[in-house]
Amino acid sequence: MVGVTWAAVILTGGTAVRLDGTDKAGLTHAGRSLLEHALDAVAGAAEVAVVGPEVRTSRRVTFTRESPPGGGPLAGIAAGVAVLERDHDLVVVLAVDMPHVTPATVSRLVSAVGDGDSAWLVDASGRRQLAAAVRPALVPAPGAAHGVPARVLMRAGRSTDVPALGDEAADVDTWPDVARLDPARGGDDRPDTGPPHT
C-alpha cells in the first residue's frame, strides 16, 4: 500500500502460565531477545508502543500497560493504540512470542488490508494469530476492552486472512517451544534484564 503510514503495538505482558510466569520478551532466539526480534519485524513502523514491563531496547519505543492489568490481549492492544503520539492509517499488532515474523511478513499484512479494515496472519489450520494490521478505529477504547476476547477484534469489519509462510505462525507457549528457539542451549533460557532505553 503506497503512502500508507503505520505504527506498531507489541504485546509482551501476557501471564505466560505454561512458562511459570516467565517474561517472554526476555527469552532469546539466535542470541537476541524475542522483543528485539519483534522490533526488527516492525522496523518500518513510524512509532512503536510496547505493552509490558520496561526493558532496554535498541530503538525508541513507548512503554505502557493495560489498566487494570490482566485484561487480555485486546486490552493490551487498546492500551498500546491509546499511547501512540500520531494518527496512522494502520496499526500492526504483534505478540512478542512470534520470533519468525519478519519485515516481509509485516509487509504482506499491511498490503493485504487494501480497502478493508484488517489483515490477520493465519496458521496452517486457518487459525488467526496475534500478528495483524488493523485500522486504529477498529480498536476499542481501553475502558471498553478489559476482559473482551481478542476474537472480537479479529471478527470486526472487513478482514483478510494472510497464510503464514514457513514458521511465521509459530509461537512460544511452553518449555518445549523455548527449547526449540535455541536447541544448543537445551531450553535453559532466562530473561534478559537491564535498564530501559531512554
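The values are calculated or read from the model by the stated rules, or taken from the named source; none is laboratory data. The structure displayed is predicted, hence computed values, not measured ones. In this analysis, Cβ positions are derived from the backbone assuming ideal geometry, glycine residues included, and neighbour counts consider all displayed protein chains.
Points worth noting:
- Comparison of SER125, SER58, SER67, SER107 shows that the only residue that is among the polar types (S, T, N, Q), in a loop (DSSP other than H, G, I, E, B) and closer than 17 Å to ALA169 by Cβ is SER125.
- Selection status of LEU153, at pLDDT 95 or above, under 18 Å from the mean Cα position of the chain (by Cα) and in a helix (DSSP H, G or I): yes
- If you check GLU54, GLU47, GLU66 for being closer than 18 Å to VAL139 by Cα and in contact (Cβ under 8 Å) with a residue 60 or more places away in the chain, only one passes: GLU66.
- Test for THR160: is it modelled with pLDDT under 95 and hydroxyl-bearing (Ser, Thr, Tyr): no
- In the stretch 37-55, the residues that are touching a helix residue (DSSP H, G or I) at 6+ places or on another chain (Cβ under 9 Å), closer than 22 Å to VAL172 by Cβ, not aliphatic (A, V, I, L, M) and not in a helix (DSSP H, G or I): GLY52, PRO53
- Among (1) in a loop (DSSP other than H, G, I, E, B); (2) in contact (Cβ under 8 Å) with a residue 24 or more places away in the chain; (3) over 12 Å from the mean Cα position of the chain (by Cα); (4) closer than 27 Å to LEU27 by Cβ - the single one ASP97 does not satisfy: (3)
- From the list ALA131, ALA79, ALA119, ALA137, the one residue that fits, being within 16 Å of ARG155 (Cα to Cα), of a type outside the set (D, E, K, R) and touching a helix residue (DSSP H, G or I) at 6+ places or on another chain (Cβ under 6 Å), is ALA119.
- Extreme residue, nearest to ALA78 (Cα to Cα), among residues of the stretch 115-168 that are buried (at least 16 other Cβ atoms within 10 Å of the Cβ), in contact (Cβ under 8 Å) with a residue 60 or more places away in the chain and of a type in the set (Val, Ile, Thr): VAL139
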